[in-house]
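Presented below is the structure to which this report refers.
None of the figures in this text is laboratory data; all of them are computed from the coordinates on show. Note that the coordinates shown come from a computational prediction; the quantities given were computed from them, not determined experimentally. Ideal geometry is used to build each Cβ from the backbone, glycine not excepted, and the neighbour counts take in all protein chains shown.
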Amino acid sequence: MSRHIVPLFDQNRQLFIKIEVLQSADTFWLRGQEYRWKDLEIPVEKVKQLYDVGYIYHNEELEDKSEKKVIVGDGLEDLTIEQLTILVENINAKIKDGTPKCQFSKIKYKQVGHIRSWRTNYGHLE
C-alpha cells in the first residue's frame, strides 16, 4: 500500500492558487496566480486554512518562474552604455557647483568604474 505524502505548509515559500477562482481580500485570484498574502497582511492562520482545504498550494515550477532576479552589488554591469550615460547625466544634474562631476566614457566598463569611483568619494551627495 502506498501513501500519498502531503507537502507541509511553509509560510516562507510562495503560494499559488490551485482552484479555478478564489475570492480573498476583496480580490478574485485565478488558478496559477501567486497568492500574495503577506502583501495583503492576511493572518498566517487563515492562509494555512486555505492551504489545508486545497485552495492554495506550493508549486516549484511556478516559484522558479515568478522569482525576482536578485541583484547583488550595485547592478551597474547589467546596464547598457546608454543607461549608464543616463545615470551619469542624472547624477551630474543633482550636483551643486563646486563638487566634481562624474566623468563620461563610451566604454561600458570604464563608465562603470567612473560611476563607482564617484560614488565612493561623493556618493553621499547623490
> From the phi of every residue in segment 34-39, what ³J(HN,Hα) in whole Hz does the Karplus formula 6.51 cos²θ - 1.76 cosθ + 1.60 yield, where θ is phi - 60° and glycine or proline is x?
Replying inline: 6, 8, 8, 6, 5, 5
> Taking the Cα centre of each part, how many Å lie between segment 76-126 and segment 23-44?
Replying inline: 41
> For Lys18, Lys108, what ranking results if the residue with the fewest other Cβ atoms within 10 Å of its Cβ goes first?
Replying inline: Lys108, Lys18
> Out of residues 5 or more away from Ser24 or on other chains, whose amide H comes under 5 Å of its own, with H placed 1.01 Å from N in the peptide plane?
Replying inline: Trp29
>> Can you tell me the length gained on complete extension of the stretch Arg36 to Tyr57, counting 0.36 nm per residue apart and subtracting the Cα distance?
In response: 6.3 nm
> So, counting K/R as plus one and D/E as minus one, what does the shell of residues with Cβ under 11 Å around Ile81 add up to?
Replying inline: +2
> For segment 15-20, in order, what is each residue's ³J(HN,Hα) by Karplus, 6.51 cos²θ - 1.76 cosθ + 1.60 with θ = phi - 60°, in whole Hz (x at glycine and Pro)?
Replying inline: 10, 10, 6, 9, 8, 4
>> Could you list Leu22, Leu15 so that the one with the fewest beta carbons within 10 Å of its beta carbon is first and the one with the most is last?
In response: Leu22, Leu15
> Here are some values of semi-axes √(5λ) of the Cα gyration tensor in Å: (1) 48, 17, 13; (2) 24, 17, 14; (3) 61, 27, 14. Which one was computed from this structure?
Replying inline: (1)
>> Run the numbers for Gln23 and Ala93: contour at 0.36 nm per residue of separation, minus the present Cα-Cα distance, in nm.
In response: 20.4 nm
>> What is the angle, in °, between the Cα long axis of helix 108-122 and the longest principal axis of the Cα atoms in the chain? Nearest 10 is fine, range 0 to 90.
In response: 80
> Whose amide H sits under 5 Å from the amide H of Ile56, counting only residues 5 or more places off or on another chain, with H placed in the peptide plane?
Replying inline: Lys18, Tyr51
> Got the relative contact order for the chain handy, in percent, Cα pairs under 8 Å and 6 or more residues apart?
Replying inline: 18
